[in-house]
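Before any comments, here is the structure.
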Amino acid sequence: MRTLSVFLSCAALACVSEHGPLTNRMAQSGTHYLTRAARQPVSWQPWGREAFALAARLDRPVLLYVGADECRWCAVMDREVYGDPALGAMIDSLFVPVRVDRDERPDVARRYEAAVQWLAGLRGYPVTAFLTPDGSAFFGGTYFPADDPVTGRGLKQLLPEVAKSYREQRGVILQRAALVRQLAVTHAQRARGVLQRATVGSQVAGVRTTFQAAAGTHAALGSFMHTQAVSLLLATYGRTGDTSYLNAARTVLDFMVDSGEAATADVARDDPPSLVRAGLVRNLAVGWALTGTPRYRDAARLVLQRLARELGPAADATVFADREAYVIGSVLEAAPAVGDSAVARRALSALDGLLRRAYARRRGVRHTSGGAGVYGLLQDQVQLAGACLAAYGYNGRRRYVDVAQDLVEVLDRDFADSIGGGYFDAVLTDPAAPALPDRAKPVLDDLLPGANAWAARVLLQLADATGDARYRRRAEATLEAFAGALAGEGVRASSYLLAAQHVLAAR
């Protein structure tokens, strides 16, 4: 009788998979990364309320997979794991599989990357997370092979075990999921502090030590986060004259110049190459200004021309507002230093196009073009505001300051945490976020500068552009919302530390 019961249960699950609500829905997705998955034998669902409602109705956990075009191990997992029909059938019979493009939904990606770090001590992409139907993570990791019978860490071994635990140990699963969420909330509550010169100085010195230790080995150099750290070290040298900071910065800068495309194609293989180049070109321009080293100027010109060719919408690629704005701002800040006015004009044209496509006064910035584009992501607002202030710095046109001021008003209206300070990563009313009740406040650098750190930078620039000291006070308050939570973060805190230095220097 038990055998018959198991058979009937499996048959029913197969029916759901083949003829019911579980069908692959990636064909109409908004990015090429997602639409390519329409050919996989997995019934991927888009991120949204429907998928989580389906999981609740079927009483199954969600298998969330977050990947990206520029992620090497995502490509391996797509090819070797999710291309396996037998594994696809197992997933469809036990889970509701949800697929997310990291670059289309960076808020979702960041939330579950953090959850996996709490659960497994792992960072990076892809993100593989198992969720309850309310979106809480209870198990996860990054890359998993399809089959690993020796260690039991292949998905063919893990999937039945996770599904069995969800069915038979529901209380334990729910407790673990609640604990992960509580850890994130508690960490955020302890973040507030006071900006102290000695503490910031010690953390900056720690970044310098990191690069001094890497000198001669070039281990893990060349990522986007490293370009932000170089900016911090160059600014510290410019302010203090301490050559140890310059030498540490040149460890990375010289390596990236000497490596050429290898710095963006291999060492930083999980980072969008255009963002690495954009961070690099800012450093090359500052390095040229500080040292007069001709190779920095020449390299900056080459990188600027490459970035300029890539600006603007392309027929075969999705343009994400935050990434495009960061590149535009980098070009506009670097081009004058090396005397390339043609590249600057192209960047201004790209900025005006981005404003037309993605920005609406009083509403803010849409993440992607088109009617279905997501509104309400913090990084889009602060990056476009930063690009506008770079344009103002280049040509002095006041309309760019007006846009930046409007975007700051949007920040204060829609994103500000009135209790803990700082800004949330997404608006509370996002209709496509059923599983993000606990909004995060990102401050650490990752594929772009930490959004709260960049918000502080924008506020400081607005204070200089308008003479309004209130913007400076808001910048300081934003930084103090995180002053107690950055110890030990090292290179990832570089953009924050740079803004903190500017605030402390003005005291």
Self-check item: Charge tally in the Cβ shell below 10 Å around Leu307, where Lys, Arg are +1 and Asp, Glu are -1, Leu307 excluded
Solution: +3
Exercise. Of all alpha-carbon pairs in the stretch 132-178, indicate the percentage at a distance above 17 angstrom.
Key: 39 percent
Quiz item: How much net charge surrounds Arg153 when only other residues with a Cβ under 15 Å from its Cβ are counted (Lys, Arg +1; Asp, Glu -1)?
Solution: -3
Quiz item: Cα axis of helix 170-189 to longest principal axis of the chain: angle in degrees, 0 to 90, nearest 10?
Solution: 10 degrees
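Can you give the relative contact order of the chain as a percent, counting alpha carbon pairs under 8 Å and 6+ residues apart?
Worked out over the chain, it gives 13 percent.
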Quiz prompt | Counted charge near Thr293, where neighbours are those whose Cβ lies closer than 11 Å (Asp, Glu -1; Lys, Arg +1) | solution = +1
Self-check item: 0 to 90° range, to nearest 10: angle between helix 378-395 axis and the chain longest Cα axis
Solution: 20 degrees
Quiz item: How big is the antiparallel share of DSSP beta bridges in the chain, given as a percent to the nearest 5?
Solution: 65 percent
Quiz item: What angle do you read, to the nearest 10 degrees and between 0 and 90, between the alpha-carbon axis of helix 49-58 and the longest principal axis of the chain?
Solution: 30 degrees
Exercise. Could you work out the relative contact order of the stretch 10-189, using alpha carbon pairs under 8 angstrom and six or more residues apart, expressed as a whole percent?
Key: 21 percent
Practice problem: Could you tell me whether the stretch 34-106 comes out rounded, prolate or oblate from its Cα gyration tensor? Rule is a ≥ b ≥ c as square roots of the eigenvalues, rounded for a/c under 1.5, then prolate if a/b exceeds b/c, otherwise oblate. | Solution: oblate
Exercise. Ratio to report: Rg/Rh of the stretch 10-189, with Cα atoms as the point set and Rh obtained by the Kirkwood method; give two decimals.
Key: 0.93
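The numbers here are math on the coordinates, done by the rules we state, and not lab data. Predicted model, so just to flag it, every value in this text is computed and none were measured. Every residue, glycine as well, gets a Cβ built from its backbone with ideal geometry; the counts of neighbours run over all protein chains shown.
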